[in-house]
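Bear in mind these aren't lab numbers, they're just calculated from the coordinates by the rules spelled out. Keep in mind that what you see is a predicted model, and the values were worked out from it rather than measured. Note that each Cβ is placed from the backbone with ideal geometry, even for glycine, and that neighbours are counted across all protein chains shown.
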Amino acid sequence: MSNFSNDGSKPSVNPYQPLPHNTSTSKSSSDSTQASNQSYLNSAILKAYLRLLPILFVCYIIAYIDRNNVAIAKLTMEEDMPSFDASVFGFGGGIFFLGYFLLEIPGSLIVERWSARKWICRIMVTWGFMAALTAFVKTPTHFYTVRFLLGMAEAGFFPGVIVYLSHWFPQKERARAISYFLIASPIAMIIGPAVSQLFIDYGRTIVDAKTGEITKIIPDLLGLKGWQWIYIIWGVPAVVFGLYVLFGLTDRPSQAKWLTDEEKGALEGELAREKAMHKTGGHMTLLQALSSPRVLLLSFAYFGIVTANYGIELFLPSVIKNWYPELEPSRIALLGMIPSLLVIPGQLFIGWSSDKMQERRWHSVIPVVIGALFLVLVTFTQGYLWATIFCFTIAATGMKSYMPAFWALPSLFLTSTAAAGSVGMINSIGNLGGFLGPYVMGAVQKNLNSYTYGLLFLACTSTLSAALICCLPLRRPLPTDVDD
C-alpha cells in the first residue's frame, strides 16, 4: 500500500488523531502502579502501628494511673492525716480536671503547629514531677494545688495524641488506631491497683477491726509511707517515658528513618489527598461549635457520663472500705481492679457490634442505661461483698463500653472537618464532669455519712446523658447545613 497521496505528496498528520497504542498494556501498567503504591501504603501503616502505638499506649497507661492513683493512696493517706476527709479527696480529685480543661485545647494546637514528640515529652516530664510531688503534701491546700497543677501539666496529652495520630493514619485506619489507644485506660485501672497494693501497707499499724488491738506494725520503706510510694513509683515512669518519647516518636512520615522512600511517599500522598478533600468541605469554627445544638447536646451527654465514670473510679476503693471495714487496704486495691476486667471485652464488643450493624445511638445508650441501673442496684448490696463487686463491675463496664459508638456519633451529622473540630469541644466540656463526680461523692459522704446518695446521683447523671443521646437529631447534613 502506497504511503503517498494521489498527487504524490506525503499525507499530513492530523494532530487531533490519537496515535495508536495498546490500551490493555496501558491499563495493566496503571493497575500495577496503583497496586504497588497500595502495597507501600499498607507497609507504612503497619510499621506505624508497630512503632508508634506501643509507645503511646504505655504513656496513656501511666497518665491514667497518675490521675487516678489517689483512689488507692486515699485508703491509708487519711489515716496519717485526719484532716484529709472524703470531701477533701473529692475536691482534690476533681480539681485536676479544672486545670486540665484550661490548657487542653491550646495543648492540642501546639501539637499540630509545633512538634508532637517535643510537646508530649514536656507534658510527661512535667506531670511526672507533679505526680511524685503529691507524696509530700501536708495540708489540704497543698493537695489541691498539686492536683490542679497536675491537671495543667497533663492537659493536651489526650487530644494531642488524637491530633498526632491524624499525622500518621488515614481516615480508614484512624478509628482503629484510636480504639487501640483507648484500651489503655481500662488496662491502667487493672495495673495501677495491682502494683499499688504492693506498697500500700508500708508504715501502717494494723488494728483488729473488732477488738481494737494492734495486730501488726509494718515499718516505713526508706522513711516513706506506702501512700507516698504510690505517688512516687508512678511519677518516675512518666519522666522516663517522657524522655523516651523525644527519641522514640517521629513527628511526620517524612522524618521517619524507619520508612523507605516509597513508603514515605505513599503515606504522605494519601494523607495529602485526604487533606485536600477536607479543604473542599466546610469548617466549623470554635464559635460555630459552641452554637451548634447537636454538639452542645453531645457535650452535656458526655459531661454526665464522665461525672459518673470518675465518681466511681476515684471512690470505689473508699466505698468498699466504708462498707467492709474488716478488709485490708491491699485487698481492697485488688478488689477495686476487678470491675475493669470486663471493660476491655465490653468496649471491643460494642465497637464491633456498632460497626457491623452500622448503628451508633442505641449502642451508646444501652450500655450507659445498664451502668446506671447497676449503680442503683449496688446501693442494696451492702453486707454482700460478692454482690457489691458484681454490680460495680457491670456498672463500670456500661460506663466505659459506650465510648466507641459514642465517638462515632458526630460523623453522622457533621462533615469530617467539622466533626474533627467538635471532638475537642465535646471532650473539653465533658471532662469537667471529672470534677463534679468526685466532688459530690466526697461532699455527700461528709455531710450525710453515706455513699449511697452519691452513687444514686451518679446514676441520675448517666441516665440523663442517655436521655440526651436519645434526643439527638441524627439527620445527615445537607450541603447548606450550618454544621458543615
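What length, rounded to one decimal in nm, is gained on full extension from Arg174 through to Tyr49, with 0.36 nm per residue of separation minus their alpha-carbon distance?
Details: separation 125, 0.36 × 125 = 45.00 nm, distance 1.06 nm.
Contour length minus the Cα-Cα distance gives 43.9 nm.
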In Hz, Karplus ³J(HN,Hα) per residue of the stretch 121-132 (6.51, -1.76, 1.60; θ = phi - 60°; x = Gly, Pro): 4, 4, 4, 5, 5, 5, 5, x, 5, 5, 5, 5
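All other residues with a Cβ under 12 Å from the Cβ of Gln171 taken together, and with Lys, Arg as +1 and Asp, Glu as -1, what is their net charge? Write down the numbers at each step before the final one.
Working: positive: Lys172, Arg174, Arg176, Arg273, Lys275; negative: Glu173, Glu270, Glu274.
Counting the neighbours of Gln171, the net charge comes to +2.
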Estimated vicinal HN-Hα couplings, Hz - the stretch 82-89 in sequence order (Karplus 6.51, -1.76, 1.60; Gly, Pro = x): x, 5, 8, 8, 4, 5, 5, 5
Extension gain (nm, one decimal) between Leu198 and Phe349, 0.36 nm per residue minus Cα-Cα: 51.1 nm
For the stretch 284-477: relative contact order, % (alpha-carbon pairs under 8 angstrom, 6 or more apart): 42 percent
Pair Leu221, Thr260: separation of 7 Å Cα→Cβ label points (nm): 4.9 nm
Burial ordering of Cys471, Cys460, fewest other beta-carbon atoms within 10 Å first: Cys471, Cys460
In Hz, Karplus ³J(HN,Hα) per residue of the stretch 350-355 (6.51, -1.76, 1.60; θ = phi - 60°; x = Gly, Pro): 5, x, 5, 5, 5, 5
Two-site label geometry, His142 and Met357: point separation in nm, points 7 Å out along Cα→Cβ: 5.2 nm
Cα centroid separation - the stretch 149-174 against the stretch 370-390, whole Å: 35 Å
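Which GluC sites (Glu not before Pro) in the stretch 126-232 pass both tests, a DSSP loop state and at most 16 other beta-carbon atoms within 10 Å?
Counting only loop positions with at most 16 other Cβ atoms within 10 Å, the GluC sites (Glu not before Pro) in the stretch 126-232 are Glu213.
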Which of Cys470, Cys59 has the fewest Cβ neighbours within 10 Å, and the rest in rising order: Cys470, Cys59
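Pairs of alpha-carbon atoms within less than 8 angstrom and 6+ residues apart define the contacts here; what relative contact order does the stretch 46-271 have, in percent? Mind dumping the intermediate values first?
On the way: 323 pairs, mean separation 73.6, N = 226.
Result for the stretch 46-271 is 33 percent.
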Residue order, fewest to most beta carbons within 10 Å, for Met399, Met81, Met124: Met81, Met124, Met399
Alpha-carbon Debye profile of the stretch 46-271, log10 I(q)/I(0) at 0.08, 0.16, 0.17 Å⁻¹: -0.35, -1.06, -1.15
